[in-house]
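Scroll down for the structure; my scribbles are underneath it.
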Amino acid sequence: MSNYTAVEYQARDAVAWIHMNRPDSLNAFNEDLRRDLAAALRQAADDDAIKVVVLAANGRAFCAGADLLEDNSPDKSDVTQQLLESYKPILDTIQNMPKPVIGVAPGVAAGVGASVLMSCDQVVMAEESRIYMAFSHIGLVPDGGATWLLFQTLGYHRAFALITEGGSISAQECLALGLARTVVPQDQTEQAAADIAATLCERSAIATAEAKALLRQAATASYDEIFQAEAIVQKRCLQSDESREAIARFKNKGK
């Protein structure tokens with residue numbers, strides 16, 4: 001257990017469990033949460049004993065976005081600097097660390113909290129949870145990369161309607177759209193994440209990391225670029241001890 005103010009961190013069975021821990025504020029981002037979440041994610045990324053990261057939240061919400069009651073909230077500080085220096089490192093670490101990150105939403109993910117959830121590699125949502133684009137209700141545009149993330153999944157017209165009308169996407173809609181891996185009752189969300197994490201821990205860490213990198217690259221690369229990247233990566237995977245041992249086990253099954 002690590003000592004953080006606004007998150008809880010625990011490593012068990014090769015899985016790092018990170019819980020955002022501001023339940024009274026619906027886990028809205030203040031300075032403490034931005035700092036602690038960035039540090040906790042880096043800790044998990046740098047720990048060779050960790051194979052999977054689970055990003056969850058205490059209380060009834062995943063994250064309500066930025067805490068507008070904070071003394072240095074966006075209307076009182078340089079929001080551009082805050083987004084680039086405080087939020088982007090969080091999102092970059094989730095997207096770029098070689099380990100899979102499973103997001104667990106017990107309730108609403110709003111504002112930049114929705115960006116954090118959508119940036120995860122797998123998402124478990126409670127039946128009553130939703131992704132909420134609240135920005136237009138307070139005269140703002142999405143941030144945290146939400147415009148790009150929503151465009152990739154919804155396409156221009158549906159993303160435009162969601163953003164400008166300040167709408168939400170239910171858990172079941174997220175499941176149908178591919179934004180969520182599974183939807184379960186709220187009291188089963190962390191067990192569902194643990195089951196996914198256990199499966200991923202059984203797989204080759206090298207292959208999982210390479211698959212994540214290829215899929216992230218695929219969002220902006222051409223078919224030919226990905227084909228070439230796969231060919232290079234496949235050779236690297238085949239040369240790994242994990243792959244050799246797995247292939248040997250597969251061959252021995254038939255004997």
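The values are calculated or read from the model by the stated rules, or taken from the named source; none is laboratory data. Since the model is a prediction, treat every value here as computed from it, not as a measurement. Neighbour counts are summed over all protein chains in view; Cβ atoms, including those assigned to glycine, are modelled from backbone coordinates with ideal geometry.
Does residue 136 qualify as being polar (S, T, N, Q), closer than 27 Å to residue 18 by Cα and either assigned by TED's automatic domain parsing to the domain that holds residue 65 or surrounded by fewer than 18 Cβ atoms within 10 Å (Cβ to Cβ) (or both)? Taking the combined requirement at face value, the residue does not satisfy it. Across the range 164-197, the qualifying residues are those that are within 24 Å of residue 16 (Cα to Cα) and in a strand (DSSP E or B), and the one among them that is nearest to the chain's Cα centre (by Cα) is 182. Note on the range 5-34: residues that are within 15 Å of residue 55 (Cα to Cα) and hydroxyl-bearing (Ser, Thr, Tyr) amount to 1. For the range 1-38, filtered to residues that are modelled with pLDDT of 95 or more and small (Gly, Ala, Ser), the residue that is surrounded by the most Cβ atoms within 10 Å (Cβ to Cβ) is 16. Here the range 215-250 is the region considered, the condition is being in contact (Cβ under 8 Å) with a residue 40 or more places away in the chain and under 28 Å from the mean Cα position of the chain (by Cα), and the residue that is surrounded by the fewest Cβ atoms within 10 Å (Cβ to Cβ) is 219.
Report yes if some residue within the range 115-122 is more than 15 Å from the chain's Cα centre (by Cα), assigned by TED's automatic domain parsing to the domain that holds residue 96 and acidic (Asp, Glu); otherwise report no. No, every residue in the range 115-122 fails to be more than 15 Å from the chain's Cα centre (by Cα), assigned by TED's automatic domain parsing to the domain that holds residue 96 and acidic (Asp, Glu). Looking at the range 39-130, the helices (runs of 4 or more DSSP H) lying wholly inside it that each contain 1 or more residues that are out of contact with any strand residue (DSSP E or B) (no Cβ under 6 Å at 6 or more places or on another chain) and buried (at least 24 other Cβ atoms within 10 Å of the Cβ) sit at 88-96, 112-119. Just wondering, is there one or more residues in the range 219-227 that are modelled with pLDDT under 95 and outside any helix (DSSP H, G or I)? Yes; the residues of the range 219-227 include at least one that is modelled with pLDDT under 95 and outside any helix (DSSP H, G or I).
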